[in-house]
Amino acid sequence: MSAMRTHYASGITPDMNGSTVTVAGWVHEIRDLGGICFLVLRDRSGFAQVTLVKKKTDPDLFDTARRLNRESVVLVSGAVKAAEQAPNGYEVIPQSLDLLSESDSPLPMDVTEKVGADIDTRLDSRFIDLRRRKTLAVFTVRHHVLRAVREFLESEEFIEVHTPKVVAAATEGGTALFPITYFNREAFLNQSPQLYKQILMASGIDRVYEIGAIFRAEEHDTLRHLNEATSIDIEASFADQFDVMEILERLIGSVYLHVSQNCVPQLRELGVDLTVPKLPFRRVKYDEAIDIAHSAGHEVEWGDDFGTAAERAIGSEIGEHYFLIDWPTVIKPYYTNPYEEDVRYSKSFDLMHPRMELASGSQRIHSFDLLRERIVAQGLDPDGFEFYLKAFRYGMPPHAGWGLGTERLIMTMLHVENIRDVVLFPRDRKRLSP
Ligand code: ATP
Ligand code: MG
């Protein structure tokens, strides 16, 4: 375990009756009944009840215990005693108790879940919020999601890469960029690894993935947007959009399966009954989705993106994960490959959960001339893209890929309303600290 502690609270069982243990953690609760004092110690694994009977305990130790402030950090050594009435069926009868760090009182927020707190209070004191079992459960699941993503992509022979977050040009064009000062030049925080993962396709690496920060300077104030998010990105050579859609749906299935098998206590804590979605996901053409939106009474012009209400209406009609495919070329980024036989439509898709978009992807243009033309057509300056375009002049294979929002994957999986609940230290229009 460690030099300080011998066991986590959940690692102790009643059949260890009589053995000596050292547990370490936070004082969750103190119940001083006069002749007996119960200290509930909390660590990341759960709770241990420490029981001090006045008559049988060293008076100094007893006195220290009953005067502890909640949330102080303590180290307790003592004997395990099987006790049916105690949580987990055991209690610790302490021989020593070290106060390692005393907590101030009152606390900025309650840890025991008896008193609710609003999201701002919780985020202002995130380190305390993380002591709550539900918050800890969310971030434990997040860890398992990312682990499952890596395992899946590695089994599919993707190589993990890291691309620059400080860049000279806009990826998606447009306004949603955070400018920064880079020595005596202007630079930006990257909106997505798109251009770099495409450049890597010209290198012959064939299959790359990146899990990293993306920055969007949009002033949205919604429950599903942040200004800094974590994107799971892949790019694959000698592939079309259908190849990478198939990888994406199998990834979703395998992440759900991994979480359902490895996060049983966390799902119970969160009250989530996780069912692994059935594959393959439905493929719904943009034009069909327009019809669904219209029959649900929503106005959508051909060539426009679906508004939130229309998106929800289509989602509730379909009722499970689905792909929205064959988008009009005009609303997709310049690097999206149009169908040769009808250039009004593109080889693009979004992966949708009934509640929201989870991912966007496409087959990309790999012809230098067409790509340059599309950049110009979208009103962008091709000179700014020279470093990118160069990779298309010396042998660029056909390729496809997608970007999947980690936060949206987790919030839809766990029925979390607010994206801020699945990010440790979220960044939005108003929040830059902690
Ligand atoms: P939306 O239309 O929902 O704002 P988008 O189409 O602008 O999203 P993309 O550029 O397609 O987003 O990015 C790929 C994925 O990254 C999205 O499907 C989403 O899951 C995630 N993502 C993008 N922007 C954000 C954001 N601001 N906050 C959280 N996740 C985001
Ligand atoms: Mg998108």
- [ ] Please specify each residue of the range 339-374 satisfying the condition of being away from ligand 2 (no atom under 13 Å from the Cβ) and among the polar types (S, T, N, Q).
- [x] 363, 367
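Can you name the residue in the range 218-227 that is modelled with pLDDT of 95 or more and either touching a strand residue (DSSP E or B) at 6+ places or on another chain (Cβ under 7 Å) or away from ligand 2 (no atom under 13 Å from the Cβ) (or both) and, of all such residues, is nearest to residue 357 (Cα to Cα)? Even if it seems obvious, please write down each step before you answer.
As a first pass, look at the range 218-227 and keep what is modelled with pLDDT of 95 or more: 222-227.
In the following step, the residues that additionally are either touching a strand residue (DSSP E or B) at 6+ places or on another chain (Cβ under 7 Å) or away from ligand 2 (no atom under 13 Å from the Cβ) (or both) were identified as 222-224, 226-227.
Details: 222: 13, 223: 13, 224: 9, 226: 14, 227: 16 Å.
Result: 224.
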TODO: For the range 211-248, name all the residues that are near ligand 1 (Cβ under 9 Å from one of its atoms) and of a type in the set (Ser, Thr, Tyr).
DONE: 222, 230, 231
TODO: For the range 339-352, state whether one or more residues are surrounded by fewer than 20 Cβ atoms within 10 Å (Cβ to Cβ), within 14 Å of ligand 1 (Cβ to nearest atom) and outside any loop (DSSP other than H, G, I, E, B).
DONE: no
TODO: Filter the range 353-373 down to residues that are in a loop (DSSP other than H, G, I, E, B) and more than 15 Å from ligand 1 (Cβ to nearest atom), then give me how many there are.
DONE: 3
Open item on the list: Which condition from (1) surrounded by 15 or more Cβ atoms within 10 Å (Cβ to Cβ); (2) touching a residue at least 24 places away in the same chain (Cβ under 8 Å); (3) under 26 Å from residue 109 (Cα atoms) is the one that residue 10 breaks?
Closed with: (1)
Task: Conditions (1) of a type in the set (D, E, K, R); (2) within 16 Å of ligand 2 (Cβ to nearest atom); (3) without any contact (Cβ under 8 Å) to a residue 40 or more places away in the chain; (4) not assigned by TED's automatic domain parsing to the domain that holds residue 398: number failed by residue 287 - done: (2)
TODO: Mind counting the residues in the range 305-338 that are within 13 Å of ligand 2 (Cβ to nearest atom), part of a loop (DSSP other than H, G, I, E, B) and not assigned by TED's automatic domain parsing to the domain that holds residue 247?
DONE: 2
- [ ] Identify, by number, the condition in (1) out of contact with any helix residue (DSSP H, G or I) (no Cβ under 8 Å at 6 or more places or on another chain); (2) of a type outside the set (D, E, K, R); (3) in contact (Cβ under 8 Å) with a residue 60 or more places away in the chain that residue 319 doesn't meet.
- [x] (3)
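Specify which of the listed residues (99, 146) is surrounded by fewer than 18 Cβ atoms within 10 Å (Cβ to Cβ), farther than 29 Å from residue 12 by Cβ and in contact with a Ser or Thr (Cβ under 8 Å, 6 or more places away or on another chain).
Result of the check over 99, 146: 146.
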Task: Count of residues meeting criterion [away from ligand 1 (no atom under 14 Å from the Cβ), under 17 Å from residue 237 (Cβ atoms) and under 24 Å from the mean Cα position of the chain (by Cα)] in the range 378-414 - done: 1
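Whether any residue in the range 169-178 is under 30 Å from residue 21 (Cβ atoms) and crowded, with 17+ Cβ neighbours inside 10 Å is what I want to check.
Looking through the range 169-178, none of the residues is under 30 Å from residue 21 (Cβ atoms) and crowded, with 17+ Cβ neighbours inside 10 Å.
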TODO: Among what's in the range 397-434 and is in the same structural domain as residue 189 (by TED's automatic domain parsing) and more than 17 Å from residue 139 (Cβ to Cβ), pick the residue that is farthest from ligand 2 (Cβ to nearest atom).
DONE: 397
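The values are calculated or read from the model by the stated rules, or taken from the named source; none is laboratory data. Everything numeric in this text was worked out from a predicted model, so none of it was measured. Cβ coordinates were reconstructed from backbone atoms using ideal geometry, including for glycine residues, and neighbour counts include every protein chain displayed.
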